[in-house]
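Written out below as structure tokens is the structure these notes cover.
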Amino acid sequence: MKQLLIFLTSFLLLAATGQSAFAQEMQVDGSLLGKSSREQAKQQVLTNDLMTLYGSKDSAELTYQIPAGASSGSQQLVIEYEVSDLLISPSSLTAVIDNEPVKTLKLNGDSKRKILKLNLNKSQSAPGYHSVSLKFYGVMKEGVCVRQDTSGNWIKIYPDSRLTLADSSEAKGTSLEHYPYPFAQSGNTAEETAIVIPDNPSSAEIEAAVKTEGYLKTADSSVSISFVKESEVKQIDKPTIFIGVDKHWNGKVKKLIKQAGLQAKGEKLLLAERVLKAQGKQQPVLFAQAASDDVLSEKISVIADQTYTGQLSGETLSIGKLQKAEKQVSNKLTLEKFGAEDMTIGADKTSSAHYFYPASAMIDQNQSAKLSLKLKKSETIQAAAAESGSASQAAELKVLINGQPHSVRLDELGKEDKNGYYHVTLKVDPELLQKNRYIDIQFITTGLKENNPCNTTDEEKWVFIDKSSTLSYTIKGTSPSADFKEWPLPYAGNQEQATLIVLPDSVSKSKLKELSLVTDSFGSEAQQSFTVRKASEVKAEDAKGRNLIFIGGISQFSLLKEKSSDLLVPQAKNGSFDVSGFEMLNETTKQVAFTQASLWDSNYTMAVFAPLKGNGAAVTKEIISFLNSNDDTATVINETNSQQVFTNHQQLKSETNSSETEKTAQDHGQQLLYIGVLALMMVIAAAFIWVTVRRRKRKTDRE
């Protein structure tokens, strides 16, 4: 009996403690689940670039990530490669995973494309990041003191190299501590996630959905996210997040919530991760539920803000008190923020991995940017430079930023500091930092290989790069500026009051995507800098003290209709906008956007995105793409039927030049007037002096 009690107690403790490790399973009707998560491709690309290694010795660094909660079954690395047909024995390729040699291949002159498959062991399959080093040793000629470092001594590593994850049917389950997995996972390709909201979503539900989408895209830039309304849920065929207020659900989602026994209470946001199962199919889902719009709006940041997401755990969590995180846009990024650790590259390992960080949308392209490197180097570099005296042999560190090289001469680093570090500053073009969605940094060394085949020294030439090395740039000020040249400012960034984005009362899925396009252009660091309201919820008083964005037709906003005569772009009698005054054609214009001082508070600005007429699409990818790349002053832009975008830049430029010319003419006229008055005064003074002298002379003559 005693043993039975001990067994039961142990079992209950195990169940209680193990609850947080696995998502609870829910058996559902088979018709509810479409494609199972186990059927979805789970592959991770190891490199986006064709990598070429040159002999006699070279290496490349790659990384892969095992998703949290992934299957414990066999994971496999697939390396696709091709070698020069000049290679002979003992040429080799060695794969090293987490500093442990795994496989060495003999390489011969067969230049066919080949595949190396590596089955990962338990430690190599553990959740998290892992390093892969591919070490190449190439030999082309036999003999003593034969140089092997020619252009024909190479091996290519193809971008098709990948990590293949095991069947997710063997997965351990997921929990909140793994979030955003499985809804977004860095490195995975072809990921799809659905965000489901009620049929008539409130402004709080819309805001929560878009902010969650923005966070998932930051975690995984390749993830494809679709917005779905409850009545449109026919089957759940992808990882799905349900976001809403309990009383707003009416259909299938309401039944799921009831079956799961979930109910948000009071001022708490309820998070619950579950795995839906039916007839051999399964899909992970996350419920983010609140009892009111206010609670949802105030606390959705726990799944939409990095400040909180890393603190989640368990499969069910009620979030109570939450301090709003103060977001300050950083203008300094250490390599550690890029995901890099201290690194050493050199003769045997000539390049680092690629490191990425989301590009800021608020970099001031008119101010300088720089990369401050903190380095150490082997003494053999300086000695070799002194011996060779050849510029062609100069040791160099190349820093590739978004593919553009920046050079550091390793034999001209100056003096060390007291701790043995060299400090080097590289100028960086700020426009380069906004070239892509992510900033990509890679380090490559040249000139460190030993080219003398008779030199058998084991001295190694290396460069150490400290993870505190920093990329810094200037952030644009957020002062009011009615100019699309400054987009996304002043709407994104550090503000006392978040930008108010106003939508029509009836919000379709297409309107949600338009909102997503706008907020996505704010940049990852400004995903919390806005709030969303429907037109009927916004009064004139609400529009004061903040920047505003309207997305939709003018007839959908009573605030705009009341001020229609004060809008920068006038309306025609039929209610459509008239852009002809900005050197644009009404006949070919589909969408228009304009910015001006706020009509409710001149200390702030407003922007309007609208169809030329009616209530159609107001924002397109073409308009946002243009705004993200535009460098010219503009207050009005339009998109034509042929998807071309035009602005009033030239008109503003002409007006400015005309104003300057008029001012110059006025200034010139004033100058002539001043000269004339001065000349007249001089004549009067001269006449006065002459009269005075004449009088004195007459008086003298009389005496």
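FYI, it's all coordinate maths here, none of it is from the lab. These numbers were taken from a predicted model, which means no experiment stands behind them. Glycine gets a Cβ as well: all are built from the backbone with ideal geometry, and neighbour counts include every protein chain shown.
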* To do: Could you please report the charge total around Asn200, scoring K, R as +1 and D, E as -1 over all other residues with beta-carbon less than 11 angstrom from its beta-carbon?
  => -2
* Asked: Modelled label-to-label distance, Val693 and Gln323, 7 Å Cα→beta-carbon offset: nm?
  -> 8.7 nm
* Asked: In whole Å, how far is the Cα centre of the stretch 302-368 from that of the stretch 582-643?
  -> 33 Å
* Structure fact -> Long-range alpha-carbon pairs in the stretch 43-165, meaning those over 25 Å apart, account in percent for 26 percent
* Report the local net charge at Phe557: Lys and Arg +1, Asp and Glu -1, summed over other residues whose C-beta lies under 14 Å from its C-beta. => +1
* Asked: What is the extension gain from Glu100 to Gln279, computed as 0.36 nm multiplied by their sequence separation minus the C-alpha to C-alpha distance, in nm to one decimal?
  -> 60.3 nm
* Report the label-to-label distance for Ser629 and Asp29 in nanometres (one decimal), using points 7 Å from each Cα along the Cα→Cβ vector. => 4.9 nm
* **Isotropically averaged projected area of the stretch 391-445, using the convex hull of Cα atoms (one quarter of hull area), nm²** => 4.8 nm²
* Asked: Extension gain Lys621-Glu379, at 0.36 nm per residue separation less the Cα-Cα distance, in nm?
  -> 81.8 nm
* Structure fact -> On each of the three principal axes the extent of the alpha-carbon atoms of the stretch 484-647, given in whole Å and largest first, is 41, 33, 32
* Asked: Rounded, prolate or oblate: which one fits the stretch 177-305, using the alpha carbon gyration tensor with axes a ≥ b ≥ c (rounded when a/c is under 1.5, else prolate when a/b beats b/c, else oblate)?
  -> oblate
* Quick one: Karplus J couplings for the stretch 672-678, per residue in order, coefficients 6.51, -1.76, 1.60, θ = phi - 60°, nearest Hz, x for Gly and Pro? -> 5, 4, 4, 5, x, 4, 5
* To do: Using the Karplus curve 6.51 cos²θ - 1.76 cosθ + 1.60 with θ = phi - 60°, work out ³J(HN,Hα) for each residue of the stretch 344-359 in order, rounded to whole Hz, and write x for Gly and Pro.
  => 10, 10, x, 5, 8, 9, 7, 9, 9, 6, 7, 10, 10, 8, x, 6
* **the stretch 484-540: trypsin sites (Lys or Arg not before Pro) in DSSP loop, at most 14 other beta carbons within 10 Å** => Lys539
* Asked: What FRET efficiency comes out for the pair Glu541/Asn48, r = Cβ-Cβ distance, R0 = 41 Å, nearest 0.05?
  -> 0.20
* To do: Extending each Cα 7 Å along its Cβ direction at Met682 and Lys398, get the distance between those two points in nm, one decimal.
  => 6.9 nm
